[in-house]
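One structure is given below, encoded as C-alpha cells.
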Amino acid sequence: MLAYVFWHWPIPDIDDASYRTLLQIFHETLKANPPRGFLRSVAFAVSRLPLQTTSQPGFEDWYLLEDSGALDVINHAAVSGVCEEPHNQVARYAAGGTAGLYRLRAGSEDLAGARYATWLSKPEGLSYADFYSSLESVTSEPSVGVWQRQMTLGPTTEFAFYGAKVLESESITSNQLELVWPK
C-alpha cells in the first residue's frame, strides 16, 4: 500500500473553518467518486508541518492507494470531472503545498485512528531489519503504523510513525493531529 501525502497551508485571508469545510467537501466528493486504485483519504489539521518550506500550521492529506499505478489516475481524477470544482475551491485558498510518497512498512493502515505523527530517521549504524524489529512492540498496537518515504520523494525525514501516542526515539519531530476528514 502506498500513500500520497500532501501538506498545504491556507492563505491568511480565509478563516480556518471555511478552509476546513472546503477541504471536507473535496474529500467527500473523492470518496463518492473513487478513481481506480484509490482506497480512501484522511486529512489532519496540524500545528506545524513536518517540512522545511514553512513553519506555520496547516493540513496534511493522506491518499491511500493500491499501488504506484494509481498515482496517475488519482492525479487526473482529483482535478477533473466531479472533483474539479471542489478541488479548485480549496486550491484557490491554499498559500502553498508540497507532497511525498510513502509505503506502509509495519503496523496498521488506520490513519484515522492516529492522534500523533512522529517523524524520524533510522538511527545511523542500525540495519533496516533491526530498525523494524525495534518497532514491533508498538506497531502491534491498534491504529499504529510506520510509513517509509519512497525514492527520497518528499521534504521530510525517512519515516513517519502514526499512532495514539508519541514514539520516543532519537532524531524525531512529533506533532499532534486533529482529524478533519473523515468526520
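Of the GluC sites (Glu not before Pro) found in region 67-148, the ones in coil according to DSSP and having at most 14 other Cβ atoms within 10 Å of their Cβ are Glu124.
Taking Cα centre as origin and charging only the Cβ of basic (Lys, Arg, +1) and acidic (Asp, Glu, -1) residues, the dipole magnitude of region 108-175 rounds to 200 debye. Among Thr29, Thr156, Thr21, the ranking by other beta carbons within 10 Å of each residue's beta carbon, starting with the fewest, stands as Thr21, Thr29, Thr156. Here's how it looks for Ser174: its modeled amide H is under 5 Å from those of Trp119, which are all 5 or more places away or on a different chain. Counting neighbouring beta carbons within 10 Å and listing from fewest to most, the residues Trp9, Trp147 come out as Trp9, Trp147. Overall, the chain carries a charge dipole of about 120 debye about its Cα centre when +1 sits on the Cβ of Lys and Arg and -1 on the Cβ of Asp and Glu, all other atoms neutral. For the residues Pro123, Pro86, Pro35, a GNM of the chain with alpha-carbon springs under 10 Å puts the largest fluctuation on Pro123. For the chain, return all DSSP H helices satisfying: extent of Cα atoms along own axis at least 20 Å; mean Kyte-Doolittle hydropathy at least 1.6. Once both thresholds are applied, nothing remains. In the chain, taking the dipole from charged Cβ atoms about the Cα centre, the farthest positive-side position among Trp147, Pro35, Ser55 is held by Pro35. The Cα-based radius of gyration of the chain, divided by its Kirkwood radius, gives an Rg/Rh of 0.96. Between Leu39 and Val166, what FRET efficiency comes out of the Förster formula 1/(1 + (r/R0)^6) with R0 = 25 Å and r the beta carbon distance, rounded to 0.05? Here the calculated transfer efficiency is 0.40.
Rule-based calculations on the coordinates, nothing more; no lab input. As the structure is a prediction and not an experimental result, all values here were calculated from the model. Positions of Cβ are backbone-derived with ideal geometry, glycine not excepted, and every protein chain shown enters the neighbour counts.
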